[in-house]
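The structure appears below as C-alpha coordinates.
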Amino acid sequence: MTGEQPTAPYLDAVVAYGFRGPGRFHVPGHKGGPGADPGLRHALGDNALALDVPQDIRGIDTGVEHPPFQRAEELAAEAYGAQRTWFLTNGATQGNHALALALAPLGATVVAQRNAHASLVDGLVLSGGRPHFVAPAYDEELGMAHGVTPEALAEALAQAAAGGGRVHAAFVVSPTYYGMVADVPALAEVAHAAGVPLVVDQAWGPHFGFHPDLPESALRQGADAVLTSTHKIVGSLTQSAMLHVGARGEPARIDVDRVARAMRLVRSTSPSSLLMASLDAARRQLAVHGEALLHETLAASRRLREKLATVPGLAVIGAEQVGRPGVAGWDPLRVVLDVRGTGRTGYEVADALRRSYDAHVELATQATVVLVLGMGQPEEDLVRLGGDIDEIVKRISVPGRRDAISRPPAALRYEVAVPPREAFLGEAERVPVDDAVGCISCESIAGYPPGIPALLPGERITAEVVAYLRGLRAAGARLHGASDPEFRSVTVLAG
(Lines give C-alpha, C1' and ligand atoms only; values in the text may rest on other atoms or scores of the structure.)
Protein backbone atom coordinates (compact mmCIF):
# COMPACT_ATOMS: atom_id res chain seq x y z
CA MET A 1 0.00 0.00 0.00
CA THR A 2 1.32 3.42 -0.95
CA GLY A 3 -1.15 5.63 0.94
CA GLU A 4 -0.83 6.54 4.60
CA GLN A 5 -3.09 3.81 5.98
CA PRO A 6 -2.27 4.69 9.64
CA THR A 7 -4.07 8.01 9.12
CA ALA A 8 -7.82 8.62 9.32
CA PRO A 9 -8.24 11.95 7.51
CA TYR A 10 -12.02 12.27 7.76
CA LEU A 11 -12.16 11.23 11.41
CA ASP A 12 -9.33 13.63 12.26
CA ALA A 13 -11.02 16.52 10.43
CA VAL A 14 -14.36 15.95 12.16
CA VAL A 15 -12.63 15.73 15.55
CA ALA A 16 -10.68 18.95 14.87
CA TYR A 17 -13.88 20.82 13.98
CA GLY A 18 -16.03 19.33 16.70
CA PHE A 19 -13.70 20.09 19.60
CA ARG A 20 -12.27 23.47 18.67
CA GLY A 21 -15.40 25.34 19.77
CA PRO A 22 -16.79 26.62 16.45
CA GLY A 23 -19.87 28.81 16.24
CA ARG A 24 -22.51 26.34 15.11
CA PHE A 25 -25.05 28.38 13.17
CA HIS A 26 -25.98 25.43 11.00
CA VAL A 27 -27.79 22.12 11.52
CA PRO A 28 -28.18 19.94 13.52
CA GLY A 29 -30.40 21.68 16.02
CA HIS A 30 -28.74 20.26 19.11
CA LYS A 31 -25.73 22.50 18.32
CA GLY A 32 -23.13 19.98 19.35
CA GLY A 33 -24.99 18.92 22.47
CA PRO A 34 -26.42 21.90 24.38
CA GLY A 35 -29.82 21.62 22.71
CA ALA A 36 -30.13 17.86 23.12
CA ASP A 37 -32.37 16.07 25.61
CA PRO A 38 -30.44 15.43 28.86
CA GLY A 39 -31.19 11.72 28.68
CA LEU A 40 -29.68 11.54 25.20
CA ARG A 41 -26.62 13.51 26.31
CA HIS A 42 -26.10 11.11 29.18
CA ALA A 43 -26.60 8.04 26.97
CA LEU A 44 -24.37 9.10 24.07
CA GLY A 45 -22.03 11.53 25.76
CA ASP A 46 -21.22 15.06 24.70
CA ASN A 47 -18.30 13.88 22.58
CA ALA A 48 -20.58 12.00 20.16
CA LEU A 49 -22.91 14.99 19.88
CA ALA A 50 -19.98 17.37 19.31
CA LEU A 51 -18.89 15.24 16.35
CA ASP A 52 -22.34 15.10 14.79
CA VAL A 53 -21.70 17.64 12.05
CA PRO A 54 -23.42 18.20 8.69
CA GLN A 55 -22.10 17.84 5.18
CA ASP A 56 -20.29 20.70 3.41
CA ILE A 57 -18.20 21.92 6.34
CA ARG A 58 -15.15 23.66 4.93
CA GLY A 59 -12.01 21.66 5.59
CA ILE A 60 -13.88 18.36 6.02
CA ASP A 61 -15.52 17.65 2.69
CA THR A 62 -15.37 20.98 0.84
CA GLY A 63 -13.24 24.08 0.46
CA VAL A 64 -9.85 22.49 -0.14
CA GLU A 65 -8.32 20.90 -3.20
CA HIS A 66 -8.15 17.38 -1.71
CA PRO A 67 -10.65 17.31 1.18
CA PRO A 68 -10.34 14.77 4.01
CA PHE A 69 -13.53 12.92 3.02
CA GLN A 70 -12.19 12.28 -0.47
CA ARG A 71 -8.88 11.11 0.95
CA ALA A 72 -10.70 8.76 3.32
CA GLU A 73 -12.56 7.03 0.50
CA GLU A 74 -9.33 6.82 -1.52
CA LEU A 75 -7.56 5.11 1.39
CA ALA A 76 -10.42 2.62 1.65
CA ALA A 77 -10.19 1.91 -2.08
CA GLU A 78 -6.47 1.29 -1.73
CA ALA A 79 -6.92 -1.00 1.29
CA TYR A 80 -9.49 -3.13 -0.56
CA GLY A 81 -7.74 -2.96 -3.95
CA ALA A 82 -10.58 -1.07 -5.64
CA GLN A 83 -10.53 1.54 -8.36
CA ARG A 84 -13.25 3.46 -6.50
CA THR A 85 -14.86 3.09 -3.07
CA TRP A 86 -17.93 4.79 -1.63
CA PHE A 87 -18.80 5.12 2.04
CA LEU A 88 -22.42 4.05 2.63
CA THR A 89 -24.54 5.35 5.50
CA ASN A 90 -27.59 3.18 4.80
CA GLY A 91 -25.76 -0.12 4.92
CA ALA A 92 -25.03 -2.42 2.01
CA THR A 93 -28.68 -1.86 1.12
CA GLN A 94 -27.73 1.54 -0.28
CA GLY A 95 -25.04 -0.05 -2.43
CA ASN A 96 -27.45 -2.64 -3.82
CA HIS A 97 -29.91 0.11 -4.71
CA ALA A 98 -27.19 2.10 -6.50
CA LEU A 99 -25.89 -0.93 -8.40
CA ALA A 100 -29.39 -1.88 -9.53
CA LEU A 101 -29.96 1.65 -10.80
CA ALA A 102 -26.60 1.71 -12.56
CA LEU A 103 -26.53 -1.81 -14.01
CA ALA A 104 -30.21 -2.72 -14.39
CA PRO A 105 -32.03 0.27 -15.89
CA LEU A 106 -35.65 0.11 -17.01
CA GLY A 107 -36.27 -3.15 -18.90
CA ALA A 108 -32.68 -4.41 -18.63
CA THR A 109 -32.17 -8.08 -17.75
CA VAL A 110 -29.79 -9.19 -15.00
CA VAL A 111 -29.07 -12.61 -13.55
CA ALA A 112 -29.39 -12.64 -9.75
CA GLN A 113 -28.92 -15.27 -7.09
CA ARG A 114 -32.38 -16.24 -5.84
CA ASN A 115 -31.46 -15.84 -2.17
CA ALA A 116 -29.81 -12.44 -2.66
CA HIS A 117 -30.51 -9.80 -0.05
CA ALA A 118 -33.98 -8.29 -0.32
CA SER A 119 -32.40 -4.88 -0.98
CA LEU A 120 -31.30 -6.06 -4.43
CA VAL A 121 -34.91 -6.80 -5.38
CA ASP A 122 -35.89 -3.45 -3.87
CA GLY A 123 -33.26 -1.88 -6.10
CA LEU A 124 -34.83 -3.57 -9.13
CA VAL A 125 -38.19 -2.14 -8.07
CA LEU A 126 -36.57 1.30 -8.15
CA SER A 127 -34.72 0.77 -11.43
CA GLY A 128 -37.23 -1.29 -13.39
CA GLY A 129 -34.70 -4.02 -14.16
CA ARG A 130 -35.86 -7.55 -14.92
CA PRO A 131 -34.29 -10.37 -12.86
CA HIS A 132 -33.58 -13.83 -14.14
CA PHE A 133 -32.99 -15.79 -10.96
CA VAL A 134 -30.40 -18.52 -10.51
CA ALA A 135 -30.86 -20.97 -7.64
CA PRO A 136 -28.01 -21.50 -5.20
CA ALA A 137 -26.79 -24.92 -4.20
CA TYR A 138 -28.94 -26.20 -1.35
CA ASP A 139 -28.21 -28.49 1.59
CA GLU A 140 -31.45 -30.44 2.01
CA GLU A 141 -30.36 -32.02 5.30
CA LEU A 142 -29.66 -28.77 7.15
CA GLY A 143 -31.89 -26.43 5.17
CA MET A 144 -28.91 -24.24 4.24
CA ALA A 145 -28.57 -22.33 0.98
CA HIS A 146 -24.96 -22.14 -0.24
CA GLY A 147 -23.42 -20.24 -3.15
CA VAL A 148 -24.23 -20.40 -6.83
CA THR A 149 -22.14 -22.91 -8.77
CA PRO A 150 -20.31 -21.80 -11.94
CA GLU A 151 -22.35 -24.31 -13.92
CA ALA A 152 -25.63 -22.90 -12.64
CA LEU A 153 -24.53 -19.35 -13.42
CA ALA A 154 -23.48 -20.30 -16.96
CA GLU A 155 -26.84 -21.97 -17.56
CA ALA A 156 -28.77 -19.00 -16.17
CA LEU A 157 -26.81 -16.50 -18.27
CA ALA A 158 -27.49 -18.55 -21.40
CA GLN A 159 -31.20 -18.86 -20.60
CA ALA A 160 -31.53 -15.16 -19.82
CA ALA A 161 -29.78 -14.20 -23.05
CA ALA A 162 -31.98 -16.56 -25.05
CA GLY A 163 -35.14 -15.24 -23.44
CA GLY A 164 -34.52 -11.54 -23.31
CA GLY A 165 -31.51 -10.51 -25.34
CA ARG A 166 -28.60 -8.78 -23.67
CA VAL A 167 -27.81 -9.54 -20.02
CA HIS A 168 -26.37 -6.52 -18.21
CA ALA A 169 -24.85 -8.03 -15.03
CA ALA A 170 -24.69 -11.03 -12.72
CA PHE A 171 -25.31 -10.64 -8.96
CA VAL A 172 -24.20 -13.36 -6.53
CA VAL A 173 -23.69 -13.72 -2.76
CA SER A 174 -20.44 -14.79 -1.07
CA PRO A 175 -20.10 -15.53 1.79
CA THR A 176 -23.53 -16.71 2.86
CA TYR A 177 -25.16 -16.09 6.21
CA TYR A 178 -23.51 -19.37 7.28
CA GLY A 179 -20.03 -18.21 6.24
CA MET A 180 -19.79 -20.44 3.16
CA VAL A 181 -17.79 -18.97 0.28
CA ALA A 182 -18.57 -19.46 -3.40
CA ASP A 183 -16.03 -20.18 -6.13
CA VAL A 184 -15.70 -16.52 -7.07
CA PRO A 185 -12.81 -16.92 -9.57
CA ALA A 186 -14.81 -19.47 -11.55
CA LEU A 187 -17.99 -17.36 -11.32
CA ALA A 188 -16.06 -14.33 -12.58
CA GLU A 189 -14.67 -16.36 -15.48
CA VAL A 190 -18.19 -17.50 -16.43
CA ALA A 191 -19.63 -14.00 -16.20
CA HIS A 192 -16.83 -12.38 -18.16
CA ALA A 193 -17.02 -15.05 -20.86
CA ALA A 194 -20.68 -14.04 -21.25
CA GLY A 195 -19.66 -10.39 -21.49
CA VAL A 196 -21.19 -9.26 -18.19
CA PRO A 197 -19.69 -7.85 -14.98
CA LEU A 198 -19.87 -9.89 -11.77
CA VAL A 199 -21.22 -8.19 -8.63
CA VAL A 200 -20.56 -9.99 -5.33
CA ASP A 201 -22.52 -9.21 -2.20
CA GLN A 202 -19.68 -9.77 0.27
CA ALA A 203 -21.57 -8.05 3.06
CA TRP A 204 -20.60 -10.77 5.53
CA GLY A 205 -16.94 -10.73 4.49
CA PRO A 206 -15.53 -7.21 5.05
CA HIS A 207 -12.49 -8.87 6.66
CA PHE A 208 -11.73 -11.15 3.72
CA GLY A 209 -8.24 -10.68 2.30
CA PHE A 210 -6.77 -9.25 5.50
CA HIS A 211 -5.42 -12.50 6.98
CA PRO A 212 -3.81 -15.48 5.21
CA ASP A 213 -6.14 -17.95 6.94
CA LEU A 214 -9.25 -16.18 5.63
CA PRO A 215 -10.75 -16.31 2.14
CA GLU A 216 -9.48 -13.73 -0.32
CA SER A 217 -11.58 -10.69 -1.16
CA ALA A 218 -13.90 -11.25 -4.12
CA LEU A 219 -12.53 -8.08 -5.72
CA ARG A 220 -9.09 -9.68 -5.95
CA GLN A 221 -10.65 -12.85 -7.38
CA GLY A 222 -12.18 -11.26 -10.45
CA ALA A 223 -15.36 -9.59 -9.21
CA ASP A 224 -16.14 -6.20 -10.73
CA ALA A 225 -18.07 -4.74 -7.78
CA VAL A 226 -18.17 -5.83 -4.16
CA LEU A 227 -20.27 -4.76 -1.18
CA THR A 228 -18.82 -5.03 2.33
CA SER A 229 -20.87 -4.42 5.47
CA THR A 230 -18.05 -2.94 7.50
CA HIS A 231 -20.19 -2.79 10.63
CA LYS A 232 -20.85 -6.54 10.68
CA ILE A 233 -17.33 -7.74 11.51
CA VAL A 234 -14.69 -5.01 11.52
CA GLY A 235 -16.02 -2.41 13.89
CA SER A 236 -17.69 0.55 12.19
CA LEU A 237 -21.03 1.73 13.52
CA THR A 238 -24.26 -0.06 12.66
CA GLN A 239 -25.72 1.04 9.29
CA SER A 240 -22.32 1.80 7.75
CA ALA A 241 -20.84 -0.12 4.82
CA MET A 242 -18.73 0.28 1.68
CA LEU A 243 -19.15 -0.24 -2.05
CA HIS A 244 -16.02 -1.09 -4.04
CA VAL A 245 -16.05 -0.95 -7.84
CA GLY A 246 -13.32 -2.18 -10.17
CA ALA A 247 -10.21 -4.09 -9.15
CA ARG A 248 -7.01 -2.08 -9.47
CA GLY A 249 -5.00 -3.03 -12.52
CA GLU A 250 -7.92 -4.93 -14.09
CA PRO A 251 -10.17 -3.97 -17.01
CA ALA A 252 -13.08 -1.73 -16.02
CA ARG A 253 -16.31 -3.57 -16.80
CA ILE A 254 -18.49 -1.18 -14.81
CA ASP A 255 -18.80 2.52 -15.59
CA VAL A 256 -17.72 4.25 -12.38
CA ASP A 257 -19.37 7.51 -13.42
CA ARG A 258 -22.68 5.73 -13.90
CA VAL A 259 -22.44 4.24 -10.41
CA ALA A 260 -21.52 7.68 -9.00
CA ARG A 261 -24.64 9.14 -10.62
CA ALA A 262 -26.78 6.43 -9.05
CA MET A 263 -25.10 6.95 -5.69
CA ARG A 264 -26.11 10.60 -5.74
CA LEU A 265 -29.71 9.48 -6.16
CA VAL A 266 -29.77 7.11 -3.16
CA ARG A 267 -27.42 9.01 -0.84
CA SER A 268 -28.84 11.33 1.82
CA THR A 269 -27.98 15.00 1.59
CA SER A 270 -27.52 14.81 5.36
CA PRO A 271 -25.23 11.79 5.84
CA SER A 272 -24.13 10.96 9.36
CA SER A 273 -20.61 12.17 10.11
CA LEU A 274 -20.48 9.62 12.94
CA LEU A 275 -21.12 6.73 10.55
CA MET A 276 -18.60 7.98 8.00
CA ALA A 277 -15.96 8.67 10.64
CA SER A 278 -16.45 5.15 11.95
CA LEU A 279 -15.85 3.79 8.43
CA ASP A 280 -12.63 5.79 8.16
CA ALA A 281 -11.48 4.50 11.55
CA ALA A 282 -12.49 0.88 10.83
CA ARG A 283 -10.56 0.96 7.56
CA ARG A 284 -7.47 2.18 9.43
CA GLN A 285 -7.84 -0.50 12.10
CA LEU A 286 -8.28 -3.22 9.49
CA ALA A 287 -5.42 -2.09 7.27
CA VAL A 288 -2.91 -1.47 10.08
CA HIS A 289 -3.81 -3.94 12.83
CA GLY A 290 -6.31 -6.23 11.13
CA GLU A 291 -4.04 -9.22 10.61
CA ALA A 292 -2.94 -9.26 14.27
CA LEU A 293 -6.47 -8.81 15.62
CA LEU A 294 -7.85 -11.42 13.26
CA HIS A 295 -5.07 -13.82 14.26
CA GLU A 296 -6.20 -13.58 17.89
CA THR A 297 -9.86 -14.01 16.99
CA LEU A 298 -9.16 -17.00 14.75
CA ALA A 299 -7.26 -18.71 17.56
CA ALA A 300 -10.12 -18.06 19.99
CA SER A 301 -12.63 -19.31 17.42
CA ARG A 302 -10.67 -22.52 17.00
CA ARG A 303 -10.72 -23.14 20.77
CA LEU A 304 -14.46 -22.47 20.92
CA ARG A 305 -15.08 -24.95 18.12
CA GLU A 306 -12.98 -27.58 19.87
CA LYS A 307 -15.01 -27.07 23.06
CA LEU A 308 -18.37 -27.24 21.32
CA ALA A 309 -17.37 -30.35 19.36
CA THR A 310 -17.26 -32.22 22.70
CA VAL A 311 -20.86 -31.32 23.61
CA PRO A 312 -23.20 -34.29 23.03
CA GLY A 313 -25.92 -33.46 20.51
CA LEU A 314 -23.97 -30.69 18.76
CA ALA A 315 -22.03 -30.82 15.50
CA VAL A 316 -19.81 -27.92 14.46
CA ILE A 317 -20.14 -27.05 10.77
CA GLY A 318 -17.30 -25.48 8.81
CA ALA A 319 -14.32 -26.82 6.88
CA GLU A 320 -16.00 -30.14 6.06
CA GLN A 321 -18.47 -28.25 3.84
CA VAL A 322 -15.71 -27.13 1.45
CA GLY A 323 -15.91 -29.02 -1.82
CA ARG A 324 -19.66 -29.45 -1.74
CA PRO A 325 -21.67 -27.74 -4.49
CA GLY A 326 -21.58 -23.97 -4.01
CA VAL A 327 -18.88 -24.08 -1.30
CA ALA A 328 -15.27 -23.29 -2.19
CA GLY A 329 -14.22 -21.96 1.22
CA TRP A 330 -15.51 -20.93 4.63
CA ASP A 331 -15.16 -18.18 7.22
CA PRO A 332 -13.88 -19.28 10.66
CA LEU A 333 -15.39 -16.13 12.20
CA ARG A 334 -18.80 -17.77 11.72
CA VAL A 335 -19.47 -20.59 14.20
CA VAL A 336 -22.32 -22.72 12.87
CA LEU A 337 -23.83 -25.39 15.11
CA ASP A 338 -26.02 -28.27 13.94
CA VAL A 339 -28.33 -28.74 16.94
CA ARG A 340 -30.54 -31.52 15.59
CA GLY A 341 -28.87 -34.08 17.86
CA THR A 342 -30.22 -32.24 20.89
CA GLY A 343 -33.82 -32.94 19.89
CA ARG A 344 -34.42 -29.19 19.95
CA THR A 345 -34.67 -26.63 17.18
CA GLY A 346 -32.17 -23.83 16.79
CA TYR A 347 -34.95 -21.45 17.83
CA GLU A 348 -35.32 -23.29 21.15
CA VAL A 349 -31.59 -23.42 21.83
CA ALA A 350 -31.19 -19.72 21.05
CA ASP A 351 -34.16 -18.80 23.23
CA ALA A 352 -32.79 -20.83 26.15
CA LEU A 353 -29.40 -19.12 25.83
CA ARG A 354 -31.06 -15.73 25.90
CA ARG A 355 -33.32 -16.53 28.84
CA SER A 356 -30.66 -18.15 31.01
CA TYR A 357 -27.47 -16.28 30.16
CA ASP A 358 -28.52 -13.15 28.24
CA ALA A 359 -26.46 -14.50 25.32
CA HIS A 360 -27.81 -13.49 21.90
CA VAL A 361 -26.93 -15.36 18.69
CA GLU A 362 -26.91 -13.90 15.17
CA LEU A 363 -29.14 -16.53 13.59
CA ALA A 364 -31.23 -19.53 14.54
CA THR A 365 -33.01 -21.89 12.18
CA GLN A 366 -34.82 -25.16 12.64
CA ALA A 367 -31.54 -27.08 12.45
CA THR A 368 -28.79 -24.58 13.29
CA VAL A 369 -27.53 -21.78 15.49
CA VAL A 370 -25.06 -19.29 14.01
CA LEU A 371 -22.64 -17.19 16.06
CA VAL A 372 -20.82 -14.24 14.50
CA LEU A 373 -17.42 -13.24 15.88
CA GLY A 374 -15.91 -9.80 15.42
CA MET A 375 -12.37 -8.71 14.75
CA GLY A 376 -10.70 -8.58 18.16
CA GLN A 377 -13.45 -10.62 19.86
CA PRO A 378 -12.43 -11.01 23.55
CA GLU A 379 -11.45 -14.63 24.19
CA GLU A 380 -13.02 -14.63 27.65
CA ASP A 381 -16.41 -14.02 26.02
CA LEU A 382 -16.00 -17.16 23.95
CA VAL A 383 -14.82 -19.25 26.91
CA ARG A 384 -17.92 -18.23 28.83
CA LEU A 385 -20.15 -18.82 25.80
CA GLY A 386 -18.79 -22.33 25.33
CA GLY A 387 -19.71 -23.17 28.90
CA ASP A 388 -23.13 -21.55 28.56
CA ILE A 389 -23.98 -23.57 25.45
CA ASP A 390 -22.74 -26.78 27.11
CA GLU A 391 -25.01 -26.21 30.11
CA ILE A 392 -28.03 -25.27 27.99
CA VAL A 393 -27.72 -28.35 25.78
CA LYS A 394 -27.45 -30.64 28.82
CA ARG A 395 -30.52 -29.01 30.37
CA ILE A 396 -32.93 -28.95 27.42
CA SER A 397 -31.92 -31.88 25.21
CA VAL A 398 -34.67 -34.35 24.27
CA PRO A 399 -32.92 -37.52 23.03
CA GLY A 400 -34.58 -39.15 20.06
CA ARG A 401 -36.68 -36.17 18.99
CA ARG A 402 -35.95 -34.76 15.54
CA ASP A 403 -38.29 -32.35 13.77
CA ALA A 404 -38.61 -32.25 9.99
CA ILE A 405 -36.90 -29.31 8.25
CA SER A 406 -39.15 -26.94 6.30
CA ARG A 407 -37.67 -26.88 2.82
CA PRO A 408 -38.24 -24.15 0.24
CA PRO A 409 -40.16 -25.24 -2.85
CA ALA A 410 -38.10 -26.84 -5.59
CA ALA A 411 -34.78 -25.74 -4.09
CA LEU A 412 -35.48 -22.02 -4.45
CA ARG A 413 -36.84 -22.12 -8.00
CA TYR A 414 -39.83 -19.86 -8.58
CA GLU A 415 -41.80 -18.46 -11.51
CA VAL A 416 -41.27 -14.74 -12.17
CA ALA A 417 -44.52 -13.71 -13.82
CA VAL A 418 -43.95 -9.93 -14.05
CA PRO A 419 -40.99 -7.64 -13.22
CA PRO A 420 -40.67 -6.66 -9.53
CA ARG A 421 -41.36 -2.99 -10.29
CA GLU A 422 -44.62 -3.77 -12.08
CA ALA A 423 -45.82 -5.96 -9.22
CA PHE A 424 -44.73 -3.62 -6.43
CA LEU A 425 -46.21 -0.48 -7.98
CA GLY A 426 -49.23 -2.09 -9.61
CA GLU A 427 -52.79 -2.05 -8.33
CA ALA A 428 -52.86 -4.42 -5.39
CA GLU A 429 -55.40 -6.13 -3.16
CA ARG A 430 -55.15 -8.15 0.03
CA VAL A 431 -56.64 -11.63 -0.11
CA PRO A 432 -56.76 -14.64 2.25
CA VAL A 433 -53.65 -16.75 1.84
CA ASP A 434 -55.54 -19.80 0.61
CA ASP A 435 -57.16 -17.68 -2.11
CA ALA A 436 -53.78 -16.29 -3.20
CA VAL A 437 -52.54 -19.48 -4.88
CA GLY A 438 -52.03 -18.69 -8.55
CA CYS A 439 -51.90 -14.93 -7.94
CA ILE A 440 -48.85 -12.68 -8.36
CA SER A 441 -47.21 -11.47 -5.17
CA CYS A 442 -46.76 -7.77 -4.49
CA GLU A 443 -44.78 -8.52 -1.34
CA SER A 444 -41.28 -9.62 -0.45
CA ILE A 445 -41.58 -12.23 2.31
CA ALA A 446 -38.66 -14.00 3.95
CA GLY A 447 -38.73 -16.40 6.84
CA TYR A 448 -36.42 -14.71 9.32
CA PRO A 449 -34.30 -16.26 10.34
CA PRO A 450 -32.74 -17.39 8.02
CA GLY A 451 -33.86 -14.53 5.79
CA ILE A 452 -33.99 -16.32 2.45
CA PRO A 453 -36.84 -14.75 0.43
CA ALA A 454 -39.63 -17.25 0.00
CA LEU A 455 -41.65 -14.88 -2.12
CA LEU A 456 -40.71 -11.79 -4.11
CA PRO A 457 -42.74 -9.13 -5.94
CA GLY A 458 -43.67 -10.47 -9.36
CA GLU A 459 -43.51 -14.16 -8.44
CA ARG A 460 -46.52 -16.44 -8.73
CA ILE A 461 -47.77 -17.80 -5.43
CA THR A 462 -48.01 -21.58 -5.28
CA ALA A 463 -49.49 -23.98 -2.74
CA GLU A 464 -45.94 -25.16 -2.00
CA VAL A 465 -44.82 -21.62 -1.12
CA VAL A 466 -47.81 -21.15 1.17
CA ALA A 467 -47.09 -24.46 2.94
CA TYR A 468 -43.40 -23.55 3.33
CA LEU A 469 -44.13 -20.15 4.87
CA ARG A 470 -46.70 -21.67 7.21
CA GLY A 471 -44.15 -24.28 8.25
CA LEU A 472 -41.57 -21.62 9.02
CA ARG A 473 -44.11 -19.63 11.00
CA ALA A 474 -45.11 -22.69 13.01
CA ALA A 475 -41.45 -23.51 13.73
CA GLY A 476 -40.83 -20.10 15.29
CA ALA A 477 -39.56 -17.95 12.42
CA ARG A 478 -41.04 -14.52 11.81
CA LEU A 479 -42.07 -13.57 8.29
CA HIS A 480 -39.96 -10.51 7.50
CA GLY A 481 -41.62 -8.10 5.06
CA ALA A 482 -45.06 -9.69 5.28
CA SER A 483 -47.92 -7.19 5.47
CA ASP A 484 -49.66 -9.71 7.71
CA PRO A 485 -47.06 -11.18 10.11
CA GLU A 486 -49.50 -13.99 11.02
CA PHE A 487 -49.68 -14.91 7.31
CA ARG A 488 -53.46 -15.08 7.20
CA SER A 489 -53.56 -12.73 4.20
CA VAL A 490 -51.16 -11.57 1.51
CA THR A 491 -51.02 -8.65 -0.95
CA VAL A 492 -51.31 -9.66 -4.61
CA LEU A 493 -51.61 -7.97 -7.98
CA ALA A 494 -55.25 -7.17 -8.65
CA GLY A 495 -57.00 -8.49 -11.69
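The values are calculated or read from the model by the stated rules, or taken from the named source; none is laboratory data. All values derive from a computational prediction rather than experimental measurement. We place every Cβ from the backbone using ideal geometry, glycine too, and count neighbours over all the protein chains shown.
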Condition test on residue 270, is it crowded, with 19+ Cβ neighbours inside 10 Å and farther than 13 Å from residue 84 by Cα? no
Within segment 279-300, take every residue that is surrounded by 22 or more Cβ atoms within 10 Å (Cβ to Cβ) and not hydrophobic (A, V, I, L, M, F, W, C) and give me the one that is farthest from residue 374 (Cα to Cα). 280
Top-ranked residue in segment 448-476 [being under 19 Å from the mean Cα position of the chain (by Cα) and small (Gly, Ala, Ser); ranked as modelled with the highest pLDDT]: 454
Test: residue 384 is more than 26 Å from residue 295 (Cα to Cα), outside the structural domain of residue 177 (by TED's automatic domain parsing), more than 24 Å from the chain's Cα centre (by Cα) and not β-branched (Val, Ile, Thr): no
Does residue 194 satisfy the criteria of being among the small types (Gly, Ala, Ser), touching a residue at least 12 places away in the same chain (Cβ under 8 Å) and crowded, with 22+ Cβ neighbours inside 10 Å? no
Check residue 171 against each of (1) without any contact (Cβ under 8 Å) to a residue 24 or more places away in the chain; (2) touching a helix residue (DSSP H, G or I) at 6+ places or on another chain (Cβ under 7 Å) and name the one condition it does not meet. (1)
Yes or no: segment 237-250 includes at least one residue that is touching a residue at least 12 places away in the same chain (Cβ under 8 Å), out of contact with any His (no Cβ under 6 Å at 6 or more places or on another chain), within 30 Å of residue 342 (Cβ to Cβ) and in the same structural domain as residue 178 (by TED's automatic domain parsing). no
Wholly enclosed helices (runs of 4 or more DSSP H) of segment 38-105 bearing at least 1 residues closer than 30 Å to residue 126 by Cα: 68-80, 91-103
Counting residues that are of a type outside the set (A, V, I, L, M, F, W, C) and within 20 Å of residue 390 (Cβ to Cβ), which strands (runs of 3 or more DSSP E) fully inside segment 284-376 reach at least 1? 334-338, 368-372
I'm trying to understand the selection: among the residues of segment 17-48, which are in contact (Cβ under 8 Å) with a residue 40 or more places away in the chain and within 18 Å of residue 278 (Cα to Cα)? 17, 48
Pick out, from segment 113-213, the helices (runs of 4 or more DSSP H) lying fully within it that include 2 or more residues that are hydroxyl-bearing (Ser, Thr, Tyr) and in the same structural domain as residue 244 (by TED's automatic domain parsing). 118-127
Just one of (1) among the aliphatic types (A, V, I, L, M); (2) surrounded by fewer than 21 Cβ atoms within 10 Å (Cβ to Cβ); (3) under 30 Å from residue 215 (Cα atoms) trips up residue 72, so point out which. (2)
Close pairs (6 angstrom Cβ cut-off, 6 or more residues apart or separate chains): free of Cβ contacts under 8 Å to residues at least 60 places away in the same chain in segment 383-394, surrounded by 19 or more Cβ atoms within 10 Å (Cβ to Cβ) and in a helix (DSSP H, G or I) anywhere: 392/352; 392/353
Does residue 354 satisfy the condition of being crowded, with 16+ Cβ neighbours inside 10 Å and basic (Lys, Arg)? no
